[in-house]
Amino acid sequence: MKKASIILILVTICIGLLQFIGPEEPEYQPVNDLTGIPQEVNAIIRSSCFDCHSTQTELRWYDKLTPANYIVSNHIAKGREALDFSTWDSLAPADQNTKLYYSLNKILQGEMPLFSYTAIHPNAKLSTDDIMTLKNFLITRTPRKPIDSIQIHESNQQFSDFVDGKMALSKQSVQPAPNGIDYIPDYRNWKVISISDRFDNGTMRIIYGNDIAVKAIQNHATNPWPDGAIFAKTAWKQQANADGSITAGSFVQVEFMIKDTHKYAATNDWGWARWRGTDLKPYGGKALFTAECIACHQPMKNNDYVFTKPLYLKDYQQKTNKK
Ligand code: HEC
Ligand code: HEC
């Protein structure tokens, strides 16, 4: 007993002494509301993101205690480096849209705000309403102008050529990607595993999986994905019709991720390739273009670099989260 109380006193003294050391406090500079953004959206970003993503960091007393303050300053330094809302006004509107789109994506993926932060700052958690507010606002940033009947006819023609397989069907008629990967015309017959929509540049995407990928989904063996699994992602411009509906407009690109732990060990076990436009021009000047793909897929490292969560996975995750 005695021993225990001595240890307790010693620990208390140590923690007390520790308070004399600590990291330098981060620079503090108040930040104006983001221009061009409605009040309610500003309020959400301010209360959930500013602490780490702007120079207006409001440190609470418990954030300043050693050793917690070392973790806090590390988050702030890294957070500001990744995204700094203090520089908002210096960004071009298109870049602003991209930042907002990424932000929404990070929120939807459950990565932001950091869990370790919301655990201590519960007010920073985003409600379902907050997320809807962000989404609805992002849609208004890329107004969808109705297009004329000639354009509609053209894109309908493109879509039916695509469905009929008239669009650059054979491997022979399409050049391989700069890293040597061949075009895979068969993907149009694969199963659709997800559909997504990018607000900031007005495209809709369809994601297909080959048989091996689909089987892995059925067997719940998707992390890591098995060798031979392939994803194809097609992007189409969103076409706003006069009646207000949105349909697939002109074809933008198709890209692939091919899992092979031996062949593609140098590029994180995936072969990456993209073809653009209806003439399916290989994308990328040299083989190094894959660095760009990998950099953007990097946040999904713990998910074998794959963003898409097949529908059952979402369902499954919700169930396990509730437990
Ligand atoms: C506790 C600190 C903290 C909070 C709060 C926080 N973030 Fe982050 N954020 C980080 C850190 C650290 C990184 C960089 C490292 C990483 O990607 O995990 C980051 C990275 C990001 C990135 C990636 C930027 C890039 O180019 O890779 C985005 C986007 C982002 N955060 C958005 C948000 C949004 C939106 C919010 C508010 C809803 C938010 N974050 C709240 C700490 C935070
Ligand atoms: C700007 C970021 C970014 C870059 C760069 C990027 N991707 Fe992606 N990729 C995504 C996101 C986000 C998704 C999730 C689906 C969606 O929202 O469209 C995705 C999904 C995919 C998918 C479907 C499987 C999955 O992970 O969900 C494939 C295939 C794919 N990307 C291939 C590529 C290839 C090949 C390149 C490089 C030529 C590339 N990507 C570059 C962001 C990026």
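The values are calculated or read from the model by the stated rules, or taken from the named source; none is laboratory data. If you're wondering where the values come from, they're calculated on a predicted model, not measured in any experiment. As a convention, Cβ positions derive from the backbone with ideal geometry for all residues, glycine included, and neighbour counts pool all protein chains shown.
Checking the conditions here, which among T35, T57 is under 29 Å from Q19 (Cα atoms), in a loop (DSSP other than H, G, I, E, B) and assigned by TED's automatic domain parsing to the domain that holds S86?
None of the other options fit; the residue is T57.
For the list (1) among the β-branched types (V, I, T); (2) touching a residue at least 40 places away in the same chain (Cβ under 8 Å); (3) in contact with an Asp or Glu (Cβ under 8 Å, 6 or more places away or on another chain), I need the number of the one condition that T57 fails.
Of the numbered conditions (1) among the β-branched types (V, I, T); (2) touching a residue at least 40 places away in the same chain (Cβ under 8 Å); (3) in contact with an Asp or Glu (Cβ under 8 Å, 6 or more places away or on another chain), the odd one out for T57 is (2).
Just the residues that are aliphatic (A, V, I, L, M), more than 7 Å from ligand 1 (Cβ to nearest atom), surrounded by fewer than 17 Cβ atoms within 10 Å (Cβ to Cβ) and assigned to a helix (DSSP H, G or I), please, taken from segment 73-116. Working first, answer last.
Within segment 73-116, the first condition is being aliphatic (A, V, I, L, M), and the residues that meet it are 76-77, 82-83, 91-92, 94, 100, 104, 107-108, 112, 114.
Pick out the ones that are also more than 7 Å from ligand 1 (Cβ to nearest atom) and you get 77, 91-92, 94, 100, 104, 108.
Checking which are surrounded by fewer than 17 Cβ atoms within 10 Å (Cβ to Cβ) leaves us with 77, 91-92, 94, 108.
Residues satisfying the conditions are A77, A94, L108.
Report, ordered by the first and then the second residue, all pairs with beta carbons closer than 7 Å, sequence separation of six or more or different chains, a first member in segment 274-300 that is outside the structural domain of S173 (by TED's automatic domain parsing) and at positive phi, and a second member that is outside any loop (DSSP other than H, G, I, E, B) and among the aromatic types (F, W, Y).
Pairs found: none.
On the basis of being touching a Gly at 6+ places or on another chain (Cβ under 8 Å), within 16 Å of ligand 2 (Cβ to nearest atom), closer than 23 Å to P299 by Cβ and assigned by TED's automatic domain parsing to the domain that holds T55, does Q96 make the cut?
Numbers: touching a Gly at 6+ places or on another chain (Cβ under 8 Å): yes; within 16 Å of ligand 2 (Cβ to nearest atom): yes; closer than 23 Å to P299 by Cβ: yes; assigned by TED's automatic domain parsing to the domain that holds T55: yes.
Criteria met by Q96.
Output the number of residues of segment 42-68 satisfying the condition of being more than 11 Å from ligand 1 (Cβ to nearest atom) and in contact with a Leu (Cβ under 8 Å, 6 or more places away or on another chain).
Number of matching residues: 3.
Tell me yes or no: at least one residue of segment 191-208 is in the same structural domain as F256 (by TED's automatic domain parsing) and touching a Gly at 6+ places or on another chain (Cβ under 7 Å).
We begin by selecting, within segment 191-208, every residue in the same structural domain as F256 (by TED's automatic domain parsing); these are 191-208.
Pick out the ones that are also touching a Gly at 6+ places or on another chain (Cβ under 7 Å) and you get 191, 193.
Within segment 191-208, one or more residues are in the same structural domain as F256 (by TED's automatic domain parsing) and touching a Gly at 6+ places or on another chain (Cβ under 7 Å).
Pull up segment 101-145, narrow it to residues that are closer than 24 Å to R198 by Cβ and charged (D, E, K, R), then point me to the one that is farthest from the chain's Cα centre (by Cα).
For segment 101-145, the residue satisfying everything is K145.
Under 31 Å from the mean Cα position of the chain (by Cα) and at negative phi: does that describe I9?
no
From the residues in segment 175-206 that are modelled with pLDDT of 90 or more and among the aliphatic types (A, V, I, L, M), which one is surrounded by the most Cβ atoms within 10 Å (Cβ to Cβ)?
Going through the qualifying residues, I end up with A177.
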